[in-house]
Amino acid sequence: MKRLLLWGTMLALGLRSWAWDYDGHRVINEIALASLPTNFPAFVREPASAERIMFLAGEADRWRNASELGLRHVNNPDHFLDLEDLPPLGLDLTNVSAFRHEFVAQVTLARAKDPAKFPPTDPLVDQDRTKWLPGFLPWRINEDYARLKSAFSYLRTFEKFGGTADEIANAKANVVYLMGLMGHFIGDTVQPLHVTRNYNGWVMNNPNGYTTNRTFHGWIDGGYFKKVGLDRPALIAKAEPAKAVWERTPGTNRDNLFPLALSFVAQQAPLVEALYQMEKDGRLSGNGERGLEGREVLGKQLVRGGQMLGDLWLSAWQSAPVDGYLRSQLAQRQAGGAPTNTGK
């Protein structure tokens, strides 16, 4: 009974909702696959690999079903960034650190400087100890890009410099896994309610009388498409050829993706109020011609996510260098030297 009461309390206060239902996340990965050029590694398009990439679009939400608080603590904040939470901390998109842990330090120091402005959260409601965080969505995108680039790097090295069949197969499996997982967080980004404190009903000053209904997020995630239909073939057909998107850090050859990830998150912010206005006007009801207007708007977001994801996959593959340490170890193995450590 205590658990039921606690669950009811948490629902009343508004739990973090997921972004897009599984079908929405899956079609974003499918659009990204359709955007890839013909010279992209062919193993990615093999039926089993493509299916796994699409299946993994929902993986990070499956983690959120777990009861272990440690997993929820590290996973849940990766799905959002509440942009309204930055100004009270003296932060904005120009001064947040590109490094996750430095950003946590920025938040911690700001809260400690003016504790009266940031009252502690109720531990019964905030069991995973994350409600004080603005969220980590662009950081997760930046980190996932680096992981995928690394996987392409050691795959390329194994293929060119004497990796075994098993090593190459395992490297390919890792690429597929990271491509699929990365798609989830790009999908979260293009669900605009993942960049706002008003993520599930308007909770801030509300002079325009936007809905405060706690079912709004779920309606955008998938309830609307369940009512009006999700035309997957039409959305996939809108995929344009992927293109490289990385920015180069001056004076280095390292990719500096964080500004792009942060900008991509910020670009969704104007759509937050637009969705609330559409709901108020009946354009998201799914009833009648007017109620179908939301299908085009939300469909464009799915395509936008798939396009960005394909661009990032392509960029990671194109920019992945040979792994110098691994190459030296493979050379040593071929020369009959000491047993090779193909890690580090």
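Considering only residues that are touching a Ser or Thr at 6+ places or on another chain (Cβ under 7 Å) and not polar (S, T, N, Q), look in region 177-202 and name the one that is surrounded by the fewest Cβ atoms within 10 Å (Cβ to Cβ). Ranking the qualifying residues of region 177-202, first place goes to 201.
Considering the conditions (1) in a helix (DSSP H, G or I); (2) hydroxyl-bearing (Ser, Thr, Tyr); (3) over 21 Å from the mean Cα position of the chain (by Cα), residue 263 is excluded by exactly one of them, (3).
Let's see how each residue does on (1) free of Cβ contacts under 8 Å to residues at least 24 places away in the same chain; (2) under 14 Å from residue 100 (Cα atoms); (3) of a type outside the set (Asp, Glu):
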residue: 126; (1), (2), (3): yes, no, no
residue: 129; (1), (2), (3): no, no, yes
residue: 134; (1), (2), (3): no, yes, yes
residue: 137; (1), (2), (3): no, yes, yes
residue: 142; (1), (2), (3): no, yes, yes
residue: 147; (1), (2), (3): no, no, yes
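Is it the case that residue 319 is under 30 Å from residue 150 (Cβ atoms), among the small types (Gly, Ala, Ser) and modelled with pLDDT under 95? Against the criterion (under 30 Å from residue 150 (Cβ atoms), among the small types (Gly, Ala, Ser) and modelled with pLDDT under 95), residue 319 qualifies. The condition (being in contact with a Pro (Cβ under 8 Å, 6 or more places away or on another chain), farther than 15 Å from residue 21 by Cα and not basic (Lys, Arg)) is satisfied by just one residue among 195, 265, 203, 245: 265.
Restricting attention to region 283-299, the residues that are hydrophobic (A, V, I, L, M, F, W, C) and either in a helix (DSSP H, G or I) or more than 11 Å from residue 225 (Cα to Cα) (or both) add up to 2.
Hey, can you tell me all the residues within region 252-304 that are β-branched (Val, Ile, Thr), over 16 Å from residue 199 (Cβ atoms) and crowded, with 18+ Cβ neighbours inside 10 Å? Listed by number, the list holds a single entry, 303. Output the residues belonging to region 151-176 that are in contact (Cβ under 8 Å) with a residue 60 or more places away in the chain and surrounded by fewer than 16 Cβ atoms within 10 Å (Cβ to Cβ). Scanning region 151-176 gives 160, 162. State whether the residues of region 243-252 include one that is within 21 Å of residue 307 (Cβ to Cβ), at pLDDT 95 or above and in contact with a His (Cβ under 8 Å, 6 or more places away or on another chain). No, there is no match, as no residue in region 243-252 is within 21 Å of residue 307 (Cβ to Cβ), at pLDDT 95 or above and in contact with a His (Cβ under 8 Å, 6 or more places away or on another chain). Checked against (1) at pLDDT 95 or above; (2) touching an Asp or Glu at 6+ places or on another chain (Cβ under 7 Å), residue 233 passes all but condition (2).
Condition check ((1) among the basic types (Lys, Arg); (2) surrounded by 12 or more Cβ atoms within 10 Å (Cβ to Cβ); (3) out of contact with any His (no Cβ under 8 Å at 6 or more places or on another chain); (4) outside any helix (DSSP H, G or I)) across all residues:
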residue: 52; (1), (2), (3), (4): yes, yes, yes, no
residue: 58; (1), (2), (3), (4): no, yes, no, no
residue: 67; (1), (2), (3), (4): no, no, yes, yes
residue: 72; (1), (2), (3), (4): yes, yes, yes, no
residue: 76; (1), (2), (3), (4): no, yes, yes, no
residue: 92; (1), (2), (3), (4): no, no, yes, yes
residue: 109; (1), (2), (3), (4): no, no, yes, no
residue: 121; (1), (2), (3), (4): no, yes, yes, yes
residue: 125; (1), (2), (3), (4): no, yes, yes, yes
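Evaluated against (1) touching a Phe, Trp or Tyr at 6+ places or on another chain (Cβ under 9 Å); (2) in a helix (DSSP H, G or I), residue 209 falls short on exactly one condition, (2).
The values are calculated or read from the model by the stated rules, or taken from the named source; none is laboratory data. Every value quoted in this text rests on a predicted model; they were computed, and no experiment measured them. Positions of Cβ are generated from backbone atoms using ideal geometry, with glycine treated the same way; all protein chains shown enter the neighbour counts.
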